[in-house]
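Readers should treat all values here as calculations from the given coordinates under stated rules, not as data from a laboratory. Predicted, not measured: the structure shown is a model, and the values here were computed from it. Heads up, the Cβs are rebuilt from the backbone with ideal geometry, glycines too, and the neighbour counts pull from every protein chain shown.
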Amino acid sequence: MYRFALDLQEGIILKRRNRFVMDVLIGDTVVACHCPVTGRIGDLVFDGVPCLISTTNDPRRNTAFTVEAISIDADRQWIGIHQGRANDFVAYCLDTDALPVFPYSKYVEREQVIGTSRLDFKVDGVYMEVKAPLTELFVTPLPRFERRAVTRPIETERLIRHLETLIATLPATKRAVLLYVFLYDAPVFTGNPNRKQDARIRQLIRDAITNGLEIWQVNGELSREGIRLIRCVETTNHFK
């Protein structure tokens, strides 16, 4: 298990003040917490949503707290929302040879600059980009959680840029990996038809698969103590 430096604390999100800050009730105190997702998290209105938060003593931070996970379904499973944490979890799994996508990795490098972009990992010479989709949550929220109507498409320019960068490495490496990470037990992810330029993204992936692009999915179970790997499966055939 990937373990947090300190056990997470449980709280209640009272509101999302802006893209970067959530007001969270911890015990009897309301604290400002960093929100690690600048975009939409499902179609939720954050009013009374249970959460887990981490703490830090970093003096450079505006707040000592970060919202790491939320819970909205009857099973009360935690949904991790921290992209950086997802990358750290992947790094841990690579170091412990827990991922069949790279079962015996020897040389793991992070944050690889390619042109004007960067990719999350380079593993034994093969580039891998990690994505943790959160604009759609694959759970059934309890009725008490308010949801807003989704009227605008999901912006995907950053995804396209990273995907094109990843694909551009194929002529030299003959293999590249797009890894979708869900810090909860999500079904097989095959994309989101509501996103802007979805057809273009799907075509980019289909064309690249013939040249060596692989799609994999990792599901993890998040608790107050850490993250446990549930499964890692190849999903390339779902994108053909």
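What to note about this one:
- Rounded to whole Å, sorted largest first: equivalent-ellipsoid semi-axes of the stretch 80-239, Cα gyration tensor: 25, 21, 14
- Put simply, when 29-36, 100-107 are sorted by average Cβ atoms within 10 angstrom per residue, most first, you get 29-36, 100-107.
- Rounded to 5, the percent of DSSP beta bridges in the stretch 49-180 classed as antiparallel: 75 percent
- Length-normalised contact order for the stretch 107-189 - Cα pairs under 8 Å, 6+ apart - percent: 35 percent
- Based on C-alpha pairs under 8 angstrom that are at least 6 apart in sequence, the stretch 80-239 has a relative contact order of 22 percent.
- Using alpha carbons only: equivalent-ellipsoid semi-axes of the stretch 53-115, gyration tensor based, whole Å: 27, 20, 11
- Computed on the Cα atoms alone, the convex hull of the stretch 95-180 gives a volume of 139 cubic angstrom per residue.
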